[in-house]
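One structure is given below, encoded as structure tokens.
The values are calculated or read from the model by the stated rules, or taken from the named source; none is laboratory data. Everything numeric in this text was worked out from a predicted model, so none of it was measured. Heads up, the Cβs are rebuilt from the backbone with ideal geometry, glycines too, and the neighbour counts pull from every protein chain shown.
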Amino acid sequence: MFGNWFYHERIRKAVGTFGSLFNDIYILRKTKGGESISQVKVPLSYAPKRKFLERLKEGDQNVLNDDQVVALRLPRMSFEIIQLSFDPTRMVPKTNYCRVTNNDGTAKVYAKTPYNISFSLSVYAKTQDDAIQVVEQILPYFKPSYTLTMNPLPDYPTIKDDVPLTLTAISFSDNFEGAMEERRAIIWTLDFDMKIDFYGPISTGKVIKQADVSFFLDDSDSGFTKYSTISVAVNPKSASQDSDYTITETISFARDSDG
């Protein structure tokens, strides 16, 4: 129905970009006297929140059953996509397009389609201090938005998109009042909206590297007669847009009648 295959990896790149923002967060452990003991990097993974809750619950059950298992180490973080929705406020006329050029030729890029991707970032910790250390390293950058610059079409590096990432909600839970045999788990949840654009198939064409223009005389007796030709060409013709090249102009005259 729709025709040619295309894939610009927009959702995959959005997930990777979102994760890269939070994959280098550390917490600092201190003694009661305020001396630093160790610095711990907080692991980040793409996974549903319920998966980690089940792991925490399984760890508690295995402790009760004296099973030899490795408990889920805290603190850690996870994130997931929770919604994808169309954004009509950023829609532009469908017939709009722009032309871009790379080494292979020119391309016609039609109007992009705006969508919002909603992410949920969860922070898991066993102490409140660990949790708020992570959260306080995130909040100062969102007021409430943080703008990223992404290249949506790798084959055309001149096209850039400004992608706002907005912090929309914050919540937390603490099972401190649970049963004695349960392990304490403090969970902070941060919700974000990312505004991205989807592009359709790209219409490509070759770069024009030579143009010929012919001039004719209108003779009432013999009809139209070629008078001259102007040829403008890129030298060398193998040059790309980033190469060193010159423009050569050639003018030739002729008296050949078209009969």
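Take the conditions part of a loop (DSSP other than H, G, I, E, B) and either closer than 30 Å to Leu56 by Cα or modelled with pLDDT of 80 or more (or both) and apply them to Phe176. Does it pass? Yes. Yes or no: the stretch 78-88 includes at least one residue that is modelled with pLDDT of 85 or more, closer than 27 Å to Met194 by Cβ and not in a strand (DSSP E or B). Yes: the stretch 78-88 contains one or more residues that are modelled with pLDDT of 85 or more, closer than 27 Å to Met194 by Cβ and not in a strand (DSSP E or B). Tallying residues that are in contact with a strand residue (DSSP E or B) (Cβ under 9 Å, 6 or more places away or on another chain), crowded, with 17+ Cβ neighbours inside 10 Å and either farther than 29 Å from Leu84 by Cα or aromatic (Phe, Trp, Tyr) (or both) within the stretch 101-131 yields 4. May I ask you to verify whether Asp218 is at pLDDT 85 or above and not in a loop (DSSP other than H, G, I, E, B)? Criteria not met by Asp218.
All but one of (1) farther than 28 Å from Pro164 by Cβ; (2) aliphatic (A, V, I, L, M); (3) at pLDDT 80 or above; (4) exposed (fewer than 12 other Cβ atoms within 10 Å of the Cβ) hold for Leu74, so report the exception by its number. Of everything listed in (1) farther than 28 Å from Pro164 by Cβ; (2) aliphatic (A, V, I, L, M); (3) at pLDDT 80 or above; (4) exposed (fewer than 12 other Cβ atoms within 10 Å of the Cβ), Leu74 misses just condition (4).
Within the stretch 241-257, is even one residue at pLDDT 80 or above, touching an Asp or Glu at 6+ places or on another chain (Cβ under 6 Å) and more than 30 Å from Pro114 (Cβ to Cβ)? Checking the stretch 241-257: not a single residue is at pLDDT 80 or above, touching an Asp or Glu at 6+ places or on another chain (Cβ under 6 Å) and more than 30 Å from Pro114 (Cβ to Cβ).
Any residue at all in the stretch 57-66 that's more than 18 Å from Thr166 (Cα to Cα), small (Gly, Ala, Ser), in a loop (DSSP other than H, G, I, E, B) and at pLDDT below 90? No, there is no match, as no residue in the stretch 57-66 is more than 18 Å from Thr166 (Cα to Cα), small (Gly, Ala, Ser), in a loop (DSSP other than H, G, I, E, B) and at pLDDT below 90.
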